[in-house]
Amino acid sequence: VAAYWSARSRRAEAQKEPERPADAEPVVRIEEFLRVDPMELEIGFGLLRLADRSRGGDLVERLQQLRQDTAQNLGIILPKVRVRDNLELGPQDFTVRIRGKVVSRGSIPAERWLVRDVSASALGPFSTPAPEDLFGPSAWWVDSARRTQLQRQGQAVIDPAGAILHHLRVIIERHADDLLSRDQVKRLLDSLKQTCPALVEEVIPTLLSAGQVHRVLQNLLGERRSIRDLETILEALGDQAAVTKDLDALTEHIRRRLDRQMVSRSREEQFAAAVA
């Protein structure tokens, strides 16, 4: 499962706990205060239904697809997202935390749906603009009646859970370098080692440490570049690390290698289309 549904878990645990005397102090595991989740989604009371399966909510299940999309688009293994209620938030509000730090706040208006890439003139007077920094340009909230009309016209309409997921995608792209941990790098390298053992052993630890490779990968993600083609990245590191260990110089070398590949791939696709 892609996330922890904290409210439900706490209720389930409470039902299992044996009764204690009224004056007994609650049992608190001190480790709970030490754990910092890589990524958290806190939601207000009015949004709880989105994550509650008993009320038709599928937010938690859809986070699994988000993890798959992230692996395909960025080449990283997205950590599990902890979803939990926060009664200090407004009913329709949510916050996103990366390693304990709030990186985004937003709100999902009640009984509203999100549409994107639509002009204001096409929506009518009962639509309100959605924040561009949260949902991108030309994004609007529409009511139920307008939603039905737009769907009949073939316009994509995003439900509240989908709107949150869309924003999470934006946040993941912005903070992918912070989400890539040393353990995840090890998993990626172990996976590559199954198909390219000589390449991995040539680079790590002979030329670079795992920590140095980690920093280079973070540099690339910080530029919003995918690291999915890890084989090419490691080949470029193997070529250049014998010349320099400067991480910025290594990142620049990989950037040029990836750019050349993109140009070559684009030309091949154009040629194939022309032949077809």
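Tallying residues that are among the small types (G, A, S), surrounded by 12 or more Cβ atoms within 10 Å (Cβ to Cβ) and out of contact with any Leu (no Cβ under 9 Å at 6 or more places or on another chain) within segment 121-142 yields 4.
Would you be able to say whether some residue in segment 102-118 is more than 25 Å from E40 (Cα to Cα) and either among the charged types (D, E, K, R) or not assigned by TED's automatic domain parsing to the domain that holds R67 (or both)? The answer is yes, given that some residue of segment 102-118 is more than 25 Å from E40 (Cα to Cα) and either among the charged types (D, E, K, R) or not assigned by TED's automatic domain parsing to the domain that holds R67 (or both).
Condition check: within 22 Å of L258 (Cα to Cα) and either under 17 Å from the mean Cα position of the chain (by Cα) or exposed (fewer than 14 other Cβ atoms within 10 Å of the Cβ) (or both). Does A145 satisfy that? The answer is no for A145. Residues of segment 72-101 that are over 21 Å from D183 (Cβ atoms) and either among the β-branched types (V, I, T) or not assigned by TED's automatic domain parsing to the domain that holds E42 (or both): V83, T95, V96. Here is the figure for segment 192-204: residues that are more than 16 Å from A242 (Cα to Cα) and surrounded by 12 or more Cβ atoms within 10 Å (Cβ to Cβ) total 3.
Only a single item in (1) without any contact (Cβ under 8 Å) to a residue 12 or more places away in the chain; (2) of a type in the set (A, V, I, L, M, F, W, C); (3) in a helix (DSSP H, G or I) is not met by L221, and it is number (1). Checked against (1) touching a helix residue (DSSP H, G or I) at 6+ places or on another chain (Cβ under 8 Å); (2) surrounded by fewer than 12 Cβ atoms within 10 Å (Cβ to Cβ), D183 passes all but condition (1). Checking segment 100-115 against the condition returns a match, with at least one residue being surrounded by fewer than 19 Cβ atoms within 10 Å (Cβ to Cβ), of a type outside the set (F, W, Y), modelled with pLDDT under 95 and over 24 Å from P137 (Cα atoms).
Where the second residue is of a type in the set (S, T, N, Q) and surrounded by fewer than 17 Cβ atoms within 10 Å (Cβ to Cβ) and the first is more than 21 Å from P197 (Cα to Cα) and lies in segment 228-256, which pairs have Cβ atoms under 8 Å and are six or more apart or on separate chains? Here the result reads L250/T244, each pair linking segment 228-256 to a residue that is of a type in the set (S, T, N, Q) and surrounded by fewer than 17 Cβ atoms within 10 Å (Cβ to Cβ). Of all residues in segment 165-187, those that are under 14 Å from V216 (Cα atoms) have Cβ atoms under 6 Å from Cβ atoms of residues that are surrounded by fewer than 17 Cβ atoms within 10 Å (Cβ to Cβ), 6 or more apart or on another chain, in D177/G222. Pairs meeting the criteria (first residue in segment 39-57 and within 30 Å of D177 (Cβ to Cβ), second residue crowded, with 17+ Cβ neighbours inside 10 Å and acidic (D, E), beta carbons under 7 Å, at least 6 apart or on different chains) are I43/D85; G44/D93. Picking from residues in segment 233-257 that are polar (S, T, N, Q) and surrounded by 15 or more Cβ atoms within 10 Å (Cβ to Cβ), the one that is farthest from G75 (Cα to Cα) is Q240. Of the residues L188, L207, the single one that is part of a loop (DSSP other than H, G, I, E, B) and surrounded by 15 or more Cβ atoms within 10 Å (Cβ to Cβ) is L207.
The values are calculated or read from the model by the stated rules, or taken from the named source; none is laboratory data. Just so it is clear, the structure is predicted and the values come from calculations on it, not from any experiment. Ideal geometry is used to build each Cβ from the backbone, glycine not excepted, and the neighbour counts take in all protein chains shown.
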